[in-house]
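What follows is a short report on a single structure.
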Amino acid sequence: MNKASTRFVIRSFNPKCNCMKLTNTLVVIPFFFTLLLHFTLHGQSGSSEIYKDIKKLGVLANVLYVAAHPDDENTRLISYFSNHLSAHTTYLSLTRGDGGQNLIGSEMREMLGIIRTQELLAARSIDGGNQMFTRANDFGYSKSSAETFTIWDRREVLSDVVWAIRKIKPDVIINRFNTDTSRPNHGHHTSSAIMSVEAFDLAGDPASFPEQLNYVDTWQPKRIYFNTSWFFYGSREAFDTADKSKMLMIDIGSFDQVTGESNSEIAGRSRSMHKSQGFGSAETRGESLDYLDLIKDVDGRIPKEIFDGIDISWNRVQGGAAIGTKVKKLESTFDFKHPGLSIPLLLEIYSSIQKLNDSYWRDIKLAECESLINDCLGLFVEVRTNKYRASPGMVIPVTLEIINRSDLQVDLSSLSFSETDTSQFNSPLKYNQVFIKERKLTIPDQLSTPYWLKDSPTEGMYVVKEQLLRGQPSNPPAVSAKVNLIVSGTPVQFTVPVVYKTVDPAEGEIYRPLSITPSVAVEFEDDVLVFAKGDERIVNVTLTAIQDSVNGFLRMKTDKPGWKVSPDSIAWSFTKSGETTTLTCTITPPKEESTASLRPEIITGGLTYHHKLKTLDYDHIPYMSVVRDATVKLESIDLKIIPRPIAYIEGAGDDVAEGLQQIGYDVDVIDPASISASMLSKYQVVILGIRAYNTVDALAYKNKILFDWVEKGGTMIVQYNTNGRLVTNDIAPYPLTLSRDRITEENSTVTILDPELEVLNYPNKIKSNDFDHWVQERGLYFPNKWDEHFTPILEMKDTGEKSTQGSLLITNYGEGHFVYSGLSWFRHLPAGVPGSYRLLSNLISLGFKNSKS
Ligand SMILES: [Zn+2]
C-alpha cells in the first residue's frame, strides 16, 4: 500500500473529524458559485490561468461527488477532475455540518453551518469545484443509517439528491462512502451513499419527483462509483489482496507545468479551508493513488477510464462541432505574451454559443467565455459602496470603476441594477484609462437571512419551499449590477456584486459583501426563556442601531393567551449606528404548563422588523452580517425547586448555569483554583460543567477537597467527561470507569429502575413523560463499570443495541451525595425540556429533605 493513500485515509478519517467524533452534536449556473466569492471581476488572471480556462472551454464533462458533511469530500479527487481533466465537478454535501464542533469560535448549530458552508465555498474557489447542499439538517452523531432515516425526511432528502443530478447532469457520480450497513460508520455517511445510489436510478425516470420537471429535465448518469480505500477493508493487507477488477486506479498527484503546481498541492490548500474543523493540511507532492470502485454502469460495461465511452467534447451538443473546432484553434494559437490576440476568436465562439439550443451547456459555456474575455482584455470592473450594512429603502452611493487594458475597442453601454434602474453611457474605454461613475442605489426590501433559515428548521430538515432555491450553496449577492459592454462590436454582459470597500492603514484594501439588515436589531438573552409556572420574571432585551438617527417602538407579541408581557410597547431612539440599549420587561407565565413564542417587533419608519444580527469575521471566509428571526420560545414548566446556593465549575463551556438561574436558583460560577473547605462552606451544591475533568487542571488536586466537602453533607453533581485525557482518574469518591456508551436516540425508551427512590419523587414526581421531547441525544460517555456504592437510576437503550444503566449514578458519601451523569443537560436545559429541569432540580435537592438545612 502506498504512503500517499495512507495519508489520505488518516486525513479523511482523522479522529478530529466532527463526523466521527462522539461528542457531536437553483444552482443557477456554475458561474454563480464563483460570483459569491469574487467580489470584483479583476483582470488578474495571467496567461497560465487563461490557458487552463481555454482548455476547460473545450471539455463538456460533469462529475458529481456525494457525501454527508463539509470535510467529508476528497479534495484531491475534486481538484483532479476539475483541474487535470477540466471537468465540471460538484460536491454535493447532504448537510451543512451544523452538528459539528467549532475550533475557531463560539458559533454553534445554524451559525456553525453558515461558517462551514462558506468554508466549502472557499475550498471550491481553490480546487475549482462547485458546491451544492440538500435540506438535510446535521442533527449530530448518528450510529446508523436506520436512525438517520427516522430523523431526516428520507423522501425529501432523496428528492434533493435527484434534483442535484437533474441540475448538474453528471456523467459520473462518485460516493465518498459505501452503502454497507454491517460495518460501523456515521449514519449520515452511509445514508449519503444509499441515497446517491437510489437517486442514480430515479433521476432519469419522469415518474420520480415529477414536480421538478417544471424546471429541469430528467437525467441518467452513465455510471456510479464508490471512492474506496483500505479503510473500508479494515487493513492495508486486506485491501492489497482485494479484487480490484472493477476498480479504477487514478494517480491524482499530477503536476501541471503551466501553472507550476501539482494537483495534491492545490488539494492541500483547499482542504486547509476547513479551519473550523482544524483541518489545516499539508500540500503533498508526487504520485498518489486513489481508487474508484464501480457500483453500476448503465450499459453494463467495466470502464477503463472515468469517462470511457462518454463523448466529453463539443460534439455532444447539437451544433457544437464547429464550436469545438474553434476552441481547439483558440488553444493552439494562444499567445502567452499577448492574450488579447485571442479576443476576436473568443468573440466568434461567444456569438456561436449564444445561438445554441442546448440551454444547459450554453449557459455554462457563455459564463466561461465571459470570464475569458474579461481576462484577455485585462479588464477590471468593480461596483463598490462605502457601507457593508444598509437597510431597506436606504439610498447609498455606489461607484462604478472600470478599466480596459487591451488595444481593443471597448465601449461601456450601460449599468443596470434592475429593469427600472438602468443608466446608459455609450462611453469608449480607452487603453489603461480609469473610468469612474458615481450613482445612487436604493436598497431593496430583502433582508440578508440565509435562505434555508427563513423558516424554522425541524430537527432533521431545513424548510425551503421554493424549488429553485434548493441545492444552492448560499444566498446570491444582496445587490448585483449588470455591466454591458461592446467589445469590438459584440455586446458582452458582466454581472458583478455591489461590494463594500475600504482601505485600512495596516491591512490595505478590505472588501466585504453588502448585507441588507434591519435598521435596528433586537435580541433576548436566551433563545428559550424558561419559567416555573406562575412565577413572573424580568427579562432583558437589547436593541442595536444599524443606521443613524432612528426611533420607534418595541412591541412584544406572544402567540398564546395566558402569557403576559408588561409593558407591551416601549419607545426608543438612537442617534448613531452602533449604539445599543437594554430594555426590560416583565413576563408572567400562565399557571399551567405552556409553550409559546415571543416575537420582539421593532416598529420604525413605517416598517416592522423582528430580527437579530450576528457577525462572522474570519480571515478565510467573507465577512458576514447574518440576519435571523429574533423570536424566542417561552416555556412554563410545572416545577418545584428547593432554593439552595449552588457553585458551578465551568468545564469546556455550556449554558447549564444560565438555565438554572432562569428558573430561580442562585448560581455562582467559581474559579476552580480558589476551591477550599472554607470557600465551599457557603454552598450546598457544587455542579461541574461538561468535560470539567478533561479541561480543568486544578481538579487534579481540588477533587479531594470537593469529596471531603461532600462527606460533610454537600451534594456534588458531575456532568459528562470523555474517557481520554482526564486530569485525574479520581473523578468520584468511589471508583467508576468511563466508556464510550451513549444513547443517540433522543426518544429512546427510558426505564425507571426504582420509582420509589427519593430522587424520583422529591420535590418533583418523575414520570415516564418526563423523558419526552429531549433533544439530539439522551447522553454520552456513560460509565460502564462502577463501585457497588453507586445506585443506577435509569436504564436506556438505542434500537438494536444493548441497554445501559450508566446514564445517572448516585451514591451517598458520608453525610452527602455524589451524582455522576452523562445525560446531556447542556443540550436539554437550553432547549427548555421540562423533564430535564424537573430531574435536575431533584438532583440538586438531594439530601435536603433529611437535613432541612
Ligand atoms: Zn462526515
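Things worth noting here:
- Residue that is farthest from the ligand (Cβ to nearest atom) [pool: residues in segment 92-108 that are open to solvent by 10 Å² or more (accessible area, probe 1.4 Å) and in contact with a Ser or Thr (Cβ under 9 Å, 6 or more places away or on another chain)]: Gly105
- Options Val727, Val759; residue that is surrounded by fewer than 22 Cβ atoms within 10 Å (Cβ to Cβ) and under 26 Å from Glu635 (Cβ atoms): Val759
- Scanning segment 143-167 for residues being open to solvent by less than 30 Å² (accessible area, probe 1.4 Å) and either polar (S, T, N, Q) or within 14 Å of the ligand (Cβ to nearest atom) (or both) gives a total of 3.
- Qualifying positions in segment 168-203 - out of contact with any Phe, Trp or Tyr (no Cβ under 6 Å at 6 or more places or on another chain), part of a loop (DSSP other than H, G, I, E, B), more than 12 Å from the ligand (Cβ to nearest atom) and farther than 23 Å from Leu85 by Cβ: Thr179, Asp180, Thr181, Ser182, Arg183, Pro184
- Qualifying residue in segment 32-41 (condition: modelled with pLDDT under 50, away from the ligand (no atom under 16 Å from the Cβ), of a type in the set (Val, Ile, Thr) and farther than 30 Å from Ala242 by Cα): yes
- Among the residues making up segment 58-69, a single one is assigned to a loop (DSSP other than H, G, I, E, B), more than 8 Å from the ligand (Cβ to nearest atom) and surrounded by 24 or more Cβ atoms within 10 Å (Cβ to Cβ): Leu60.
- Whichever residue in segment 419-440 is surrounded by fewer than 10 Cβ atoms within 10 Å (Cβ to Cβ) and farther than 18 Å from Pro397 by Cβ and, among such residues, is farthest from the chain's Cα centre (by Cα): Asn426
- Asp411 vs. criteria out of contact with any Phe, Trp or Tyr (no Cβ under 7 Å at 6 or more places or on another chain) and of a type outside the set (Phe, Trp, Tyr): yes
- Here Pro210 clears all of (1) more than 30 Å from Ser47 (Cβ to Cβ); (2) open to solvent by 60 Å² or more (accessible area, probe 1.4 Å); (3) touching a helix residue (DSSP H, G or I) at 6+ places or on another chain (Cβ under 8 Å) except the condition numbered (3).
So that you can scan it fast, the table gives a plain yes or no per residue for (1) away from the ligand (no atom under 16 Å from the Cβ); (2) buried (at least 24 other Cβ atoms within 10 Å of the Cβ); (3) closer than 19 Å to Thr325 by Cα:
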residue	(1), (2), (3)
Gly46	yes, no, no
Ile50	yes, no, yes
Lys56	yes, no, yes
Thr75	no, yes, no
Thr90	yes, yes, no
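- Comparison of Glu287, Glu348, Glu331 shows that the only residue that is more than 25 Å from Ser196 (Cβ to Cβ) and touching a Phe, Trp or Tyr at 6+ places or on another chain (Cβ under 8 Å) is Glu331.
- Segment 345-404 - residue that is among the basic types (Lys, Arg) and assigned to a loop (DSSP other than H, G, I, E, B) and, of those, most open to solvent (accessible area, probe 1.4 Å): Lys355
- Among all positions in segment 224-237, there is no residue which is open to solvent by 60 Å² or more (accessible area, probe 1.4 Å) and either small (Gly, Ala, Ser) or within 16 Å of the ligand (Cβ to nearest atom) (or both).
- Residue in segment 746-755 that is closer than 15 Å to Gln805 by Cβ, open to solvent by 50 Å² or more (accessible area, probe 1.4 Å) and in a strand (DSSP E or B) present: yes
- The set of residues in segment 251-298 that are modelled with pLDDT under 90, open to solvent by 50 Å² or more (accessible area, probe 1.4 Å) and in contact with a strand residue (DSSP E or B) (Cβ under 7 Å, 6 or more places away or on another chain) comprises Phe255, Arg285, Glu287.
- When each of Thr581, Thr544, Thr588, Thr575 is tested for being open to solvent by 30 Å² or more (accessible area, probe 1.4 Å), within 29 Å of Ser836 (Cβ to Cβ) and of a type in the set (Ser, Thr, Tyr), the lone residue that passes is Thr588.
- Whichever residue in segment 507-558 is outside any strand (DSSP E or B) and among the polar types (S, T, N, Q) and, among such residues, is nearest to the chain's Cα centre (by Cα): Thr517
- From Ile670, Ile663, Ile687, Ile717, residue being hydrophobic (A, V, I, L, M, F, W, C), under 35 Å from the mean Cα position of the chain (by Cα) and at pLDDT below 95: Ile663
- Residue list for segment 77-88, restricted to those being in a loop (DSSP other than H, G, I, E, B) and either among the hydroxyl-bearing types (Ser, Thr, Tyr) or within 16 Å of the ligand (Cβ to nearest atom) (or both): Ser86
- Answer residue from segment 798-823, given it is modelled with pLDDT under 95 and either closer than 20 Å to Lys849 by Cα or of a type outside the set (S, T, N, Q) (or both) and is surrounded by the most Cβ atoms within 10 Å (Cβ to Cβ) among those: Asp798
The values are calculated or read from the model by the stated rules, or taken from the named source; none is laboratory data. Note that the coordinates shown come from a computational prediction; the quantities given were computed from them, not determined experimentally. Please note: Cβ atoms are built from the backbone with ideal geometry, for glycine as well, and neighbour counts cover all protein chains shown. Protein only, heavy atoms only, side chains kept; ligands, DNA and RNA dropped before computing areas. Shrake-Rupley method; radii C 1.70, N 1.55, O 1.52, S 1.80 Å.
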